Each structure stands twice: as structure tokens, then as C-alpha cells.
Number of protein chains: 2
Amino acid sequence: MKQRQSRRQRNAPTISDVAREAGVSPMTVSRVINGERNVRERTRAEVNRAIEVLGYTPNRAARSLASADQIIIGLLYSNPSAAYLSELLVGGLEQASRHNIQLVVEKCDSEKDAESVAMRLVAGGVEGILIPPPLSDQPRMLNLLHSSDTPAVAIASECVRENIASVSIDDYRAAYEMTRHIIDLGHRRIGFITGDDNQVASGRRLAGYRDALAEAGLSHGEELIAEGRFTYRSGLDAAQKLFELDSPPTAVFASNDDMAAATVAVAHRRGLDVPTDLTVCGFDDTALATTIWPELTTIHQPIIEMARAAVDLLAERVRARRDEEELESRHQLLDFTLARRQSDAPPPDEKRRTEQRTRVVAEKLG
Amino acid sequence: MKQRQSRRQRNAPTISDVAREAGVSPMTVSRVINGERNVRERTRAEVNRAIEVLGYTPNRAARSLASADQIIIGLLYSNPSAAYLSELLVGGLEQASRHNIQLVVEKCDSEKDAESVAMRLVAGGVEGILIPPPLSDQPRMLNLLHSSDTPAVAIASECVRENIASVSIDDYRAAYEMTRHIIDLGHRRIGFITGDDNQVASGRRLAGYRDALAEAGLSHGEELIAEGRFTYRSGLDAAQKLFELDSPPTAVFASNDDMAAATVAVAHRRGLDVPTDLTVCGFDDTALATTIWPELTTIHQPIIEMARAAVDLLAERVRARRDEEELESRHQLLDFTLARRQSDAPPPDEKRRTEQRTRVVAEKLG
DNA sequence: CTGAAAGCGCTTACAG
DNA sequence: CTGAAAGCGCTTACAG
């Protein structure tokens, strides 16, 4: 009879080696490893000695296969924010591997697609789902997760659902502080470009801006608030509108970096220097913020940490679900920072502003 | 007889479920999953359908337990290209998990840091390293990997080292084809903004531009070639220089999107419409290309596929190394595509161009 | 307190 | 090109 060739490649000692060395069964070794108490003290000591002698380390793959304690969670993303995604993945993967959690990353194309991909993931054994923006702001998506009772954590969204947790920064507070920062520089007429109506963050950022102004006694009408939709294109139009005001702002705070960049472009076309003639601030701290010139003062979100926190939160929920515990939804807020760069400055003095306005008018006439 | 209670906790589909669904043996499913080629096309299709239907994901623990051949590789990146990174991760992770390879993603801050992180990875059991740009263009990094005899694959770099493989697109060919595209639109004076001197791709892109012009009998002096360094800022200066020529170009081909975007900005400041008055093309197809207005015509690199290919190549090299085989370095070229968008058009007719030039001069004098 | 048996989900080695 | 069998290293469920 030919001997079947062994399949072992590494020759690390196994639980059976330890058992043989200690003169017990593998089961007993397993008990000792796992700290179960129903093992006679002498037996335990003997096993520990054998472990020591052989330099035994349990095989992780075998453990999680046998115990079925591995958690698989999914990260479902749609295309828009690629720069965002990279940080998300870095943070998420790190935390997942640390806790022996398998993170399945899936892309979907449309909103419709997202729902079917989510259901396929769940059908495929994924026990919880991580939803980054912009998916985390789609009511249908959240409703689906909610009604299918799938543990889920929404990132950078505070959409409240009973059984969905979230991790985000305090958009209201961040917008408030940015506005304060601009006020402290000496600005009195501060324009604002809003974000997309159907993202929750948009409203919060606007509210932060409003409250900071009100608190400083600078409330003015609605003319300094221009509507945007988070796209560069919409920022172009919104900035245009602000500059055409009879008394244009000396600073513009846009609800994201794309629109802030668009504002800088429009300012340049009109011959305004940033920040000497105009302060422009953004939100999000995407790659664009440090690509263009001048680099944008903006709000930085700790995306990597948010991803880590989201993984932890989700793992906790998945375990709770396995144990059939009820878990209330939890909304975790992480700290943002105000990244100050080259696009802000005190307002131009009155003389320079008059010169400018004259120049612009002259060009129009010419 | 009492039925023994099942131990399965999650009810994820297994390889047997897929096999049953597809009407084959688990072995065949395993072959399909692992991309072995000795499976009939029809069988393979059927298995893939079953996988899709059930939403099957292989259990990692079981795989690595059974195969005992788990490979750990590292992806070492430095900060610059975040949008790039996300695609890299998506492609790399997917392929890695497919082949049961553990991908350790590590970030480093500086070039110096990169070297120590690389060595730490290797000391910690990582058997091969993936190097994306801009690290893949740093001679010291490559030399280190080379001399420490660590299997490595450089992405988007064709730096030749004996034992380092690479995956990239044909930068020369891509630049050649973009230049041809601009010529075919009718342009005769085509400006070029170069990339950073110390990246290999820069030279190749320039050569592609040069050869396309020469072939079309359009070679002119060096005046239409402006030096850039891949940054937005350097693009601003380079574009400025091109526009100040006595006979400025009607089209500008920048060596990357950042500099193309800068060119658009400068054109706008000078009152030139893109693409009516000026065609601007970029390279890389980063997020910026579709953020700004007009969206840029540019060269798209299949980054996700490059990452996949890089993982495969690296795994092959790690295995070869385990078996103590010699493997010569391999340089794999993938296909790029020319993404045509809104920033290119035929050259303005002569009349309009004269008007423009007059306007610009008038502004200067005024 | 201890152990024999079965099984986790996959792959290797072999046979057709 | 396909499959039956054995085994990876551990744990669960059960029986003493």
C-alpha cells in the first residue's frame, strides 16, 4: 500500500502533539487552552508544561472554522466618493482583521442595485452591513435594512432608524465653528452655499452657519445663502449669484470642497484674488482641497477612525443579534478638526474693495 | 435515534450548497473559485450562476486551514494619490480574498519611513510587497526591495530591476494616441505640459507626444513644451507660459489631470472658453477630471485591474520563492482607454482667434 | 473531570 | 474534465 502523501506544510505542533506529550486527549488540551475550569489542577499543569515544551500556538483558522465564531460583515459602497472610500477601507480593514472579522467589500452602481446587492450579501451570510455616504443618506436603503432587521451602521449620516446605528461628526458644530472662524477673521458679510437637499448633513451645516451668525449679531436676510447640490457645477452657479449681489460677501463658506473650489474658480475669472480679496472655505477635506491653489481651509473628518468605530459598533450589534438581545440604536459622534490653509484671510480694507468693484464694472462695460 | 444537533451557526451557503445547486461536485466548485482552467466552459458558467444565485462567499478559515498555504503580502503606500488608492484597494482586496491571500495595507509618511515600514513588514512575516506610485518610482525603495531580495511588484512604474515585476499601462502609447486624437480634431499647434522629471512615466508621455507630432509632420521647436511637476500649481505656471507665446497653442495636452485642470483655470481667467477657444486634455482620469467643468478628456488607467494583476503577479513570485525557483522580472502592460468628455473640440476658426488675441492685448494695455 | 466521535468548509492527492 | 476520499486543526455535543 502506497502511503498517501501528507498535506501538512508547516510543521508547527498541533493540539494532538500536545495531547500526546501530556498523555491526555486533545479535548482536554482544548479545555485548558480555553480556560475552562472543569479540568483537574494536575492535568492542567501537565498540559501547560507540554504546551511550553512544544512551543504550541493554536491555529487560528482551525479555531474559527470549528467554533463558527467568525463574523462576516459587508461594506456596501456606490461610486461617488473615491477618496473617501480609500480611507474607509484602510480603517475598516484594519479593525476587521484585528477582531477576526471578515469584511466583504462590494460596489453597487445605482440605488436600485444597492438594495439588491445588500439583499444578496445578507442571503450570502453577511450578518451586518456598513453603509458609507451617499448610500447612508438614502431613505429607501435605510428602510430596507431596517425592515429586514439587518444589523447596520450608517457612516456620516444621522438618519435615525430604530435599529440602525451611526458614526459621524457633528456637522452642525463643524459648520458653526467654521463660521465663527470666518467671523473672527473680521468678516461681516459671509456667503453660504448649501448642499444637496436630500442629504441630512446639508441642513445641519446650514443651521450651524445660521446660528453662528445670529450669535454674533450678524444675521442678514437670505440673500447671502445660495443653493448648491454638492457638485462643482452647482458651486459655479451659486458663487456667480453671490458675486452679483449689490453688496457681495467678503467670504464664502461652501458646504463642501467641490463647491468651494468652484467658488475660487469664479472669483479668479472675475479678477479677485483668494484670499486677499475673498475668503473661501470648504467642508470635508477631500483631495481637491489640497490640489487647487490656494489650498482650501476646510473641515477635516477623521474618516479612518470613523470606519474603525463603525466596524466595532457593527460587530457588537451582530453579536447581540446572535444572542437575540435587543440593542437600541446608537449614534456615535467623533471629533472633526478645522484644517486651516491658504484660502482665508481678513477682509480687504474698504479702499481696495471699492477699487475692485469699479474694475469689475469697467470690464463689464468695456 | 436522536438527531445530533447541527453545529452550524451561520446559515451561509457552503461549497456543497453551490455544488448541489449547480449539479456538480464540491471539487468542481472549488476549481472554479480558484480559477483553475481545467473546467469545461459550460460547467464553469453553471457554477458561477449558482454562486451568484446563492450569494456564496468562500469561508476563509476553511480555505486557509485546508490549504495551509496562506500567503501574506503587503501593500505599502504613501499619501499622495487617495483616489488612486481606493481603486487600488478595491482591486487588490478582491483578488487577494479570492486567492486566499492576506493583504496587509500599510501607510507610510515619508520616503525614509517607507523603507523602515517595508522592512518591518518583512520581519513580521509578509512575504511580498506591492508598491503603488509614487513609491514605485523611488529608486531607493526599489533598490532596497531588490537588495533584500523581497518579492515585489511595482504598479504604474516601469523601473527595471532584476527581481522586481511591474504592472502598468503603456504611457508612451497612451500619450501618442491622445496627441493623435487632438491632431485628428484639426489642431496644428498643440502645447504639452510635462510631468515630474524623476518619474519614469513623464519621459514616456513626452516621447509619445513628440512622435505623434513628428509622424503627422507637425514637429515644431521646443517652445510648445512647458515644464510641469504634476502639481496643480506647476500646471498654472506652465499654462501661463504657453499662453504668452507669440503664437499660442489651440490645444494643450497636460501630462496629468491636475495640470490640465490648472490649464482650464488659467484659460478661464484669460477669458478663453474651453473647448470652444481651447482644447485641454489630461492624463490619469482622476476624480478631478470629472469634478471640474468642463469635464476633461483624458487617459483612463484600469487601476482596479492593475491591482488585481499585481496581486496575481506577486503571489506567483512569492510561491516561486518558497520553491526556491528563479523568476525573471516581468513587466505586464494593461490596456488604457481614451475617455472623451467635454474639454476638446476642433480649433476655433481663424477669425475668432484673431478677435481673441486682440481682446487679450486690449486687456493688457487697459 | 475526561474522552471518542463527528463535524466546521474547504483543498490536496489521487483515480478515472 | 470531473469526482470520491481523506485530511487540515480545532471545537461542539454527547456520553460516561
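Some observations on this one:
- Residues satisfying the stated conditions in the range A:110-154, i.e. within 14 Å of chain B (Cβ to nearest Cβ), within 19 Å of the chain's Cα centre (by Cα), not in a loop (DSSP other than H, G, I, E, B) and not hydrophobic (A, V, I, L, M, F, W, C): A:Gly128
- Residue count for the range B:254-265, restricted to those that are of a type outside the set (Gly, Ala, Ser) and within 9 Å of chain A (Cβ to nearest Cβ): 2
- Residue selected from the range B:22-42 under the condition at pLDDT 85 or above and under 22 Å from A:Ser64 (Cα atoms), by the criterion farthest from DNA strand C (Cβ to nearest atom): B:Pro26
Yes/no per residue for (1) surrounded by fewer than 11 Cβ atoms within 10 Å (Cβ to Cβ); (2) more than 9 Å from DNA strand D (Cβ to nearest atom); (3) at pLDDT below 80:
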| position | (1), (2), (3) |
| --- | --- |
| A:Arg4 | yes, no, yes |
| A:Asn11 | yes, no, yes |
| A:Arg44 | no, yes, no |
| A:Val47 | no, yes, no |
| A:Pro58 | no, no, yes |
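- Criterion violated by A:Ala165 - all others in (1) surrounded by fewer than 24 Cβ atoms within 10 Å (Cβ to Cβ); (2) touching a residue at least 60 places away in the same chain (Cβ under 8 Å); (3) out of contact with any Lys or Arg (no Cβ under 9 Å at 6 or more places or on another chain) satisfied: (3)
- Identity of the residue in the range A:276-290, more than 13 Å from every other protein chain (Cβ to nearest Cβ) and surrounded by 24 or more Cβ atoms within 10 Å (Cβ to Cβ), that ends up farthest from A:Leu185 (Cα to Cα): A:Phe283
- Here A:Glu94, A:Glu127, A:Glu106 are screened, and the one residue that is in contact with a Lys or Arg (Cβ under 9 Å, 6 or more places away or on another chain), at pLDDT below 80 and away from DNA strand D (no atom under 16 Å from the Cβ) is A:Glu94.
- Residues in the range A:221-253 that are more than 25 Å from the chain's Cα centre (by Cα) and of a type in the set (Gly, Ala, Ser) were compared, and the one that is farthest from the other protein chains (Cβ to nearest Cβ) is A:Gly221.
- Flag if B:Val274 is in contact with a His (Cβ under 9 Å, 6 or more places away or on another chain) and not assigned by TED's automatic domain parsing to the domain that holds B:Leu206: no
- Screening the candidates B:Ala45, B:Ala50, B:Ala61 for the property of being near DNA strand C (Cβ under 9 Å from one of its atoms) and aliphatic (A, V, I, L, M) yields one hit, B:Ala61.
- Unmet requirement for A:Trp293, which otherwise passes all of (1) more than 14 Å from every other protein chain (Cβ to nearest Cβ); (2) at pLDDT below 95; (3) part of a loop (DSSP other than H, G, I, E, B): (1)
- Which numbered condition B:Ile193 misses (of (1) surrounded by fewer than 22 Cβ atoms within 10 Å (Cβ to Cβ); (2) within 21 Å of B:Arg340 (Cα to Cα); (3) within 24 Å of the chain's Cα centre (by Cα); (4) among the β-branched types (Val, Ile, Thr)): (1)
- Single residue of A:Leu334, A:Leu313 found to be over 30 Å from B:Gly271 (Cβ atoms) and in contact with a helix residue (DSSP H, G or I) (Cβ under 6 Å, 6 or more places away or on another chain): A:Leu334
Residues are listed down the side, and each one gets a yes or a no for (1) at pLDDT 90 or above; (2) within 30 Å of B:Gln342 (Cα to Cα):
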residue: B:Pro134; (1), (2): no, yes
residue: B:His146; (1), (2): no, no
residue: B:Ala152; (1), (2): yes, no
residue: B:Ile183; (1), (2): yes, yes
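- Filtered by the rule that a residue be under 20 Å from A:Leu89 (Cα atoms) and without any contact (Cβ under 8 Å) to a residue 24 or more places away in the chain, the range A:116-162 gives a lone residue, A:Ala154.
- Of the residues screened, B:Ser86 is not one that is modelled with pLDDT under 85, touching a Cys at 6+ places or on another chain (Cβ under 9 Å) and away from DNA strand C (no atom under 12 Å from the Cβ).
- Filter pass, B:Arg270 being within 14 Å of chain A (Cβ to nearest Cβ) and modelled with pLDDT under 85: no
- Here A:Ala123, A:Ala201 are screened, and the one residue that is crowded, with 21+ Cβ neighbours inside 10 Å and either under 27 Å from A:Thr231 (Cα atoms) or among the small types (Gly, Ala, Ser) (or both) is A:Ala201.
The values are calculated or read from the model by the stated rules, or taken from the named source; none is laboratory data. Source: prediction; values computed, not measured. Positions of Cβ are backbone-derived with ideal geometry, glycine not excepted, and every protein chain shown enters the neighbour counts.
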